[in-house]
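Visitor: If you scroll down you'll find the structure; I have some questions about it.
The values are calculated or read from the model by the stated rules, or taken from the named source; none is laboratory data. Remember, predicted model here, so these are calculated numbers, not experimental data. Here Cβ is always computed from backbone atoms with ideal geometry, including for glycine, and neighbour counts include all displayed protein chains. Please note that ligands, DNA and RNA were not included when accessible areas were found on the heavy atoms of the full protein model with its side chains. Shrake-Rupley method; radii C 1.70, N 1.55, O 1.52, S 1.80 Å.
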Amino acid sequence: MEIGLTEAVRKMASAGALPPAQEGELLFCWDLSRIDFGQRKLLVASNAATRLCAITRMAAADWRHIDEVALRLVEDAVGCAGLDAGCYLELAGEVRFSKTHGRRALGCVSDLSRLLDPARIDMGEKLQWREMELLNCRFISKCAGHEGYGVPAERFAEDLRALIGRLDELS
């Protein structure tokens with residue numbers, strides 16, 4: 001699994017230089033972006049193919065453990081879609097950090113960031129489940145991996161089923 005870090009996230013995490021994104025299967029690509037609402041910092045993880053996302057509140061210490069936070073966000077996003085996160089992570093393989101996955105996928109992350117309303121963010125909660133449910137299950141949008149509009153959770157589930165089907169045919 002390849003996780004692309006925006007420059008703001010890379011700096012906050014004190015990560016060194018990152019290689020360009022190379023993962024061929026967009027379903028296993030995620031991009032992380034930081035959102036600032038004054039002193040409040042959020043991290044958004046968005047799937048490059050489907051726009052499935054997870055959102056968490058970040059404390060200063062969290063940035064030092066970006067690898068654990070990123071993996072947990074992917075698990076939470078897949079779980080929000082009603083899918084088996086363990087199965088997905090097994091298929092996705094080890095986490096590798098890279099630069100982001102292109103303008104179209106990064107544009108989707110930016111769109112998600114603009115949709116977040118500071119008034120709806122509950123800073124008492126670490127994971128922003130209400131926002132995730134809204135953006136993943138009720139919001140119709142465009143994404144990098146599909147033409148036209150669709151619901152991110154449905155597209156992610158559809159893509160994962162198709163990928164598993166292809167893998168079953170090969171074995």
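Visitor: Of the conditions (1) closer than 20 Å to Asp111 by Cβ; (2) open to solvent by less than 10 Å² (accessible area, probe 1.4 Å); (3) touching an Asp or Glu at 6+ places or on another chain (Cβ under 8 Å); (4) touching a residue at least 60 places away in the same chain (Cβ under 8 Å), Val44 clears all except one; give me its number.
Guide: Among (1) closer than 20 Å to Asp111 by Cβ; (2) open to solvent by less than 10 Å² (accessible area, probe 1.4 Å); (3) touching an Asp or Glu at 6+ places or on another chain (Cβ under 8 Å); (4) touching a residue at least 60 places away in the same chain (Cβ under 8 Å), Val44 violates only (3).
Every residue, every condition in (1) at pLDDT 85 or above; (2) over 30 Å from Lys11 (Cα atoms); (3) open to solvent by 40 Å² or more (accessible area, probe 1.4 Å), yes or no:
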{"site": "Asp76", "(1), (2), (3)": "yes, no, no"}
{"site": "Asp117", "(1), (2), (3)": "no, no, yes"}
{"site": "Ile121", "(1), (2), (3)": "yes, no, no"}
{"site": "Glu158", "(1), (2), (3)": "yes, yes, yes"}
{"site": "Asp168", "(1), (2), (3)": "no, yes, yes"}
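Visitor: Report, by residue number, each residue of segment 28-41 that is open to solvent by 40 Å² or more (accessible area, probe 1.4 Å) and either farther than 16 Å from Glu131 by Cβ or modelled with pLDDT of 95 or more (or both).
Guide: Gly38, Gln39 - these are the residues of segment 28-41 that are open to solvent by 40 Å² or more (accessible area, probe 1.4 Å) and either farther than 16 Å from Glu131 by Cβ or modelled with pLDDT of 95 or more (or both).
Visitor: In addition: Kindly establish whether Glu131 is in contact with a Lys or Arg (Cβ under 7 Å, 6 or more places away or on another chain) and among the acidic types (Asp, Glu).
Guide: yes
Visitor: Name the strands (runs of 3 or more DSSP E) wholly within segment 79-171 that hold at least 3 residues that are within 12 Å of Arg51 (Cβ to Cβ)?
Guide: Once the strands (runs of 3 or more DSSP E) in segment 79-171 are filtered for at least 3 residues that are within 12 Å of Arg51 (Cβ to Cβ), what remains is 141-143, 146-150.
Visitor: Quick check on segment 48-72: of everything there that is out of contact with any Lys or Arg (no Cβ under 9 Å at 6 or more places or on another chain) and closer than 19 Å to Cys143 by Cβ, which residue is surrounded by the most Cβ atoms within 10 Å (Cβ to Cβ)?
Guide: Among residues in segment 48-72 that are out of contact with any Lys or Arg (no Cβ under 9 Å at 6 or more places or on another chain) and closer than 19 Å to Cys143 by Cβ, the one surrounded by the most Cβ atoms within 10 Å (Cβ to Cβ) is Cys53.
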